[in-house]
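Heads up: the structure comes next, in structure tokens.
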Amino acid sequence: MTENRLPLQGIRVVEFTHMVMGPTCGMILADLGAEVIKVEPLAGDSTRRLLGSGSGFFPMFNRNKKSLAVDAKDPRGREIVLKLIAGADVFSENFKAGTMAALGLGTDALQRLNPRLVHVSHKGFLPGPYEQRTALDEVVQMMGGLAYMTGPEGRPLRAGTSVNDIMGGMFGAIGALAALLQRQHTGRGQTVQSALFENNVFLMAQHMMQFAVTGRPAAPMPSRISAWAVYDVFTVKDGAQIFLAAVSDTQWAAMCRAFGFADLLSDVRLAGNNDRVRERDWLLPALRERFAPFDAAELAARFEANGLPYAPITQPQELFDDPHLAATGGLAPLHVPADASAAGRAFDTRAPLLPLTMDGQRLAVRDGPPALGEDTRSVLRELGYAQADIVALAQAGVVCGPDESTAA
């Protein structure tokens, strides 16, 4: 990147977000170099204190951001927020419809305040009959076909990550970038909306098109008719599991030669990929029997040597020790303050970077997730508040920072 300047350097983002969708949008913009100021209530974003599967939300999706802790319901606090937005480029929020308007931060009010502002709204549904429904990632996975496609017949199952929240935030960021580019031509901002349900429908588009092409409903993934005959998880020596695939005629021939399966390679019933798919009922059991005596590491080595697709079955925590991520710098050091997770203590870890390079470089983690109100004082000073005013606001309970013994 030219002279180490990040692409969005000089862009200011103000975000009222929690959970995953909105924070993901802000994290992407922050990683790209924008100054992202996270406006939190005095008690902090409730995501900071989530347990269980939510305990990784705040530390993962709030890096490279600043924290301003302010009571936006207090007129003095609202004035601070409006001053901040007046000089911002992007305003991002993911609260229930009407929440921002009740705070005096609705779309129309913000456009009057700052006509150049790009307003990114992350919701459950785009405007329409469903827009007042309360949505969660799991809700839209169930109603949008993803849970049906993921689980076995009769057992809808949510995907193993917050896929719609994360992708919804990504599309919010894409929309924000497009609106910023268009602003260069029009001089005006605009409202960008991203939604969980429509994101999930986009994920289901290939299965919708499959039905359009074949006239048959797509079967759930565990019982689908695969496009390839060899494309499955195999249980091998000592009960280990490994994913093995051969998705072309060339790969099929390479696999057969690598393992001495001359009889399968010469079998006319298996000549082409579609032929092998039609014979899958007997072919897969036969392959399972042939691969069963092999050690998983040996299978991996032989597939690797022959350019064939394979994968170990990896648990998320094992990725901390992945040799490729270690060699390429795909995990960056991350300091998490005590109030940024349910751990109740500060700790150091590593976090995945955005999955892209720019001019051959990964986008770095410059700062870990902020402590609550960590940047309250500096933001207020930049807005023109004198030290005495900051002290008064802190003593009145309008703002707070990590150490109120010395004011705000």
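The values are calculated or read from the model by the stated rules, or taken from the named source; none is laboratory data. Everything numeric here is computed off the predicted structure, so don't read it as measured data. All Cβ positions, even for glycine, are placed from backbone atoms using ideal geometry, and neighbour counts span all protein chains on display. The accessibility values were calculated without ligands, DNA or RNA, using every heavy atom of the protein model including side chains. Shrake-Rupley method; radii C 1.70, N 1.55, O 1.52, S 1.80 Å.
Figures for the structure shown
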read-out	value
Strands (runs of 3 or more DSSP E) contained entirely in region 21-137, each with at least 3 residues that are charged (D, E, K, R)	35-40
Residue list for region 87-120, filter: at negative phi and among the small types (G, A, S)	G87, A88, S92, A97, A101, A102, G106, A109
Criterion violated by L299 - all others in (1) crowded, with 18+ Cβ neighbours inside 10 Å; (2) more than 31 Å from the chain's Cα centre (by Cα); (3) more than 30 Å from P352 (Cα to Cα) satisfied	(3)
Hits in region 90-149 (condition: polar (S, T, N, Q) and closer than 29 Å to P222 by Cβ)	Q141
Close pairs from region 273-300: first under 10 Å from V236 (Cα atoms), partner among the basic types (K, R) and open to solvent by 20 Å² or more (accessible area, probe 1.4 Å), Cβ under 8 Å, at least 6 apart	A292/K237; P293/K237; F294/K237; D295/K237; A296/K237
Criterion violated by A218 - all others in (1) surrounded by 15 or more Cβ atoms within 10 Å (Cβ to Cβ); (2) more than 25 Å from A311 (Cβ to Cβ) satisfied	(2)
Index of the failed condition, W228 passing every other in (1) in contact with a strand residue (DSSP E or B) (Cβ under 7 Å, 6 or more places away or on another chain); (2) modelled with pLDDT of 95 or more	(2)
Conditions (1) closer than 19 Å to L8 by Cβ; (2) among the small types (G, A, S); (3) assigned to a helix (DSSP H, G or I): number failed by G189	(3)
Lone unmet requirement of (1) touching a Cys at 6+ places or on another chain (Cβ under 9 Å); (2) farther than 30 Å from S121 by Cβ for F234	(1)
Among the candidates S162, S92, residue that is of a type in the set (S, T, Y), touching a Ser or Thr at 6+ places or on another chain (Cβ under 9 Å), more than 19 Å from R12 (Cβ to Cβ) and open to solvent by less than 70 Å² (accessible area, probe 1.4 Å)	S162
Filter result (polar (S, T, N, Q), open to solvent by 10 Å² or more (accessible area, probe 1.4 Å) and closer than 24 Å to H119 by Cβ) within region 40-63	S46
Hey, T314 in a loop (DSSP other than H, G, I, E, B), modelled with pLDDT of 95 or more and β-branched (V, I, T) or not	yes
Subset of region 22-38 [of a type in the set (V, I, T) and open to solvent by less than 10 Å² (accessible area, probe 1.4 Å)]	T24, V36, I37
Residue match in region 201-223 (condition: assigned to a loop (DSSP other than H, G, I, E, B) and aromatic (F, W, Y))	no
Any pair with Cβ under 9 angstrom, 6 or more apart, that starts in region 373-393 at a residue that is closer than 15 Å to K38 by Cβ and ends at one that is open to solvent by 50 Å² or more (accessible area, probe 1.4 Å) and part of a loop (DSSP other than H, G, I, E, B)	G373/L42; G373/P402; E374/P402; T376/P402
Residue ID - modelled with the lowest pLDDT, chosen from residues in region 274-296 that are open to solvent by 60 Å² or more (accessible area, probe 1.4 Å) and basic (K, R)	R278
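Let's see how each residue does on (1) touching a Phe, Trp or Tyr at 6+ places or on another chain (Cβ under 6 Å); (2) closer than 21 Å to V20 by Cβ:
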position: P115; (1), (2): no, no
position: F125; (1), (2): yes, yes
position: L136; (1), (2): no, yes
position: L146; (1), (2): no, yes
position: P152; (1), (2): no, no
